[in-house]
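Peer 1: Next up is a structure, given as structure tokens.
The values are calculated or read from the model by the stated rules, or taken from the named source; none is laboratory data. These numbers were taken from a predicted model, which means no experiment stands behind them. As a convention, Cβ positions derive from the backbone with ideal geometry for all residues, glycine included, and neighbour counts pool all protein chains shown.
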Amino acid sequence: MIGRALAYVGRHGALFLAFGVLLGLAAPPLAAAARPLLAPALLVPLTIALLRLDWRALGDYARRPLLIGVATVWLLAVSPLLVWLALRGLGLPPALEQALVLMTASSPVTMCATVSLLVGLDAALAVVVIVATTALVPLTLPVVALPLLGLELEIDLATFMFRLAWMVGAAFAAALVIRRFAGAERLVRGARALDAIAVLSLVVFAVAIMDGVTAALLDRPGYVLGTLVAAFAANLALQAVGTVAFIGLGLRRALTVGLMTGNCNMGIVLIALAYEAPFDTVMFFALGQIPMYMLPALLMPLYRRVAGPRA
């Protein structure tokens, strides 16, 4: 029965993400209870994405450093600079402008690898770029984003880098051990169940990050809804710009880079900023999960038309 349930979730992963992200808003006590699970909920999907991939494809991309380097520079430096230039003179609330720039200066969220698997994009490219950018973001985010915003936040780079290295290293180590003992054939048979576990982990993360947002919605509905609209607009605009910028790689790969451009790891930024960021900035990071979780389902026809059925 559990196997059938997991298979069902795996087959309809994008829809579960779309509706699951609203749980945290609908059930504030659940969001508060899930708060300690933020870090594990980020780690599990990356591990599963590594399990589901053909590691030979990862090796092929690792031997193409120019492509990975260009994508990394685009995501960690060019993208936040373009957003900062686009926001100048718009008169947005300072906390919202801060959140948008900090978001784009972060590495892509690990969910991009899971979504790429679910919808048939280039998941191998997504994982290589995610690993590269995640390793570098402790160095690039303070250098790129904070001067643009005029902020001087106390970010402990050593601790930040250790946490990131631990997360990425733990995911690779777990994937290596599981692949060794489970075997490739068993992993292929359990693909749907693995996808389901990744989806459920992502839902847990989305629920946990919504802690406090429902109270803000009841207190300032206009501002919260405006922030949500900004999150959807930013996600779609960044995906479109990223896709156009890399269209020379072919539409499937360009859409993969676009997906990563619009879906950044705001959880990592929260870890880096600890409690120094204004609540409105943190609230944008929370509401930004809604387009990240809903848009894959809405854009599914486009992805399937480009990439065909997923593996």
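Peer 1: For residues in segment 244-280 being at pLDDT below 95 and polar (S, T, N, Q), which is surrounded by the fewest Cβ atoms within 10 Å (Cβ to Cβ)?
Peer 2: The selected residue is 265.
Peer 1: Residues of segment 233-243 being within 20 Å of residue 96 (Cβ to Cβ) and either crowded, with 18+ Cβ neighbours inside 10 Å or touching a His at 6+ places or on another chain (Cβ under 6 Å) (or both), which ones?
Peer 2: 234, 235, 238, 239, 241, listed by residue number.
Peer 1: Continuing with this model, one more query. Identify, from the list 95, 113, the residue that is within 11 Å of the chain's Cα centre (by Cα) and part of a helix (DSSP H, G or I).
Peer 2: 113
Peer 1: Among the residues of segment 205-217, is any more than 27 Å from residue 296 (Cβ to Cβ) and touching a residue at least 40 places away in the same chain (Cβ under 8 Å)?
Peer 2: Within segment 205-217, one or more residues are more than 27 Å from residue 296 (Cβ to Cβ) and touching a residue at least 40 places away in the same chain (Cβ under 8 Å).
Peer 1: Condition check: aromatic (Phe, Trp, Tyr) and modelled with pLDDT under 90. Does residue 205 satisfy that?
Peer 2: yes
Peer 1: So if I check each of 56, 4, 35, which one is over 21 Å from residue 123 (Cβ atoms), part of a helix (DSSP H, G or I), at pLDDT below 75 and not polar (S, T, N, Q)?
Peer 2: Of the residues listed, the single one that is over 21 Å from residue 123 (Cβ atoms), part of a helix (DSSP H, G or I), at pLDDT below 75 and not polar (S, T, N, Q) is 4.
Peer 1: Turning to a different aspect of this structure: Suppose we keep only residues that are buried (at least 24 other Cβ atoms within 10 Å of the Cβ), under 15 Å from the mean Cα position of the chain (by Cα) and at pLDDT below 85 within segment 124-148. Which one would you say is farthest from residue 66 (Cα to Cα)?
Peer 2: The qualifying residue farthest from residue 66 (Cα to Cα) is 137.
Peer 1: Could you pull out the residue among 65, 108, 80 that is over 20 Å from residue 238 (Cα atoms) and either out of contact with any strand residue (DSSP E or B) (no Cβ under 8 Å at 6 or more places or on another chain) or crowded, with 23+ Cβ neighbours inside 10 Å (or both)?
Peer 2: So the residue among 65, 108, 80 that is over 20 Å from residue 238 (Cα atoms) and either out of contact with any strand residue (DSSP E or B) (no Cβ under 8 Å at 6 or more places or on another chain) or crowded, with 23+ Cβ neighbours inside 10 Å (or both) is 65.
Peer 1: Can you pull out every residue in segment 164-197 that is of a type outside the set (A, V, I, L, M), surrounded by 18 or more Cβ atoms within 10 Å (Cβ to Cβ) and more than 18 Å from the chain's Cα centre (by Cα)?
Peer 2: 190 - this is the single residue of segment 164-197 that is of a type outside the set (A, V, I, L, M), surrounded by 18 or more Cβ atoms within 10 Å (Cβ to Cβ) and more than 18 Å from the chain's Cα centre (by Cα).
Peer 1: A follow-up question, please. Inspect segment 39-46 for any residue being surrounded by fewer than 20 Cβ atoms within 10 Å (Cβ to Cβ), under 15 Å from residue 203 (Cβ atoms), at pLDDT below 80 and touching a Gly at 6+ places or on another chain (Cβ under 7 Å) and give the result as yes or no.
Peer 2: no
Per-residue answers, yes or no, for (1) within 17 Å of the chain's Cα centre (by Cα); (2) in a helix (DSSP H, G or I); (3) not charged (D, E, K, R):
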position: 226; (1), (2), (3): no, yes, yes
position: 231; (1), (2), (3): yes, yes, yes
position: 236; (1), (2), (3): yes, yes, yes
position: 243; (1), (2), (3): yes, yes, yes
position: 252; (1), (2), (3): no, yes, no
position: 255; (1), (2), (3): yes, yes, yes
position: 267; (1), (2), (3): yes, yes, yes
position: 270; (1), (2), (3): yes, yes, yes
position: 294; (1), (2), (3): yes, yes, yes
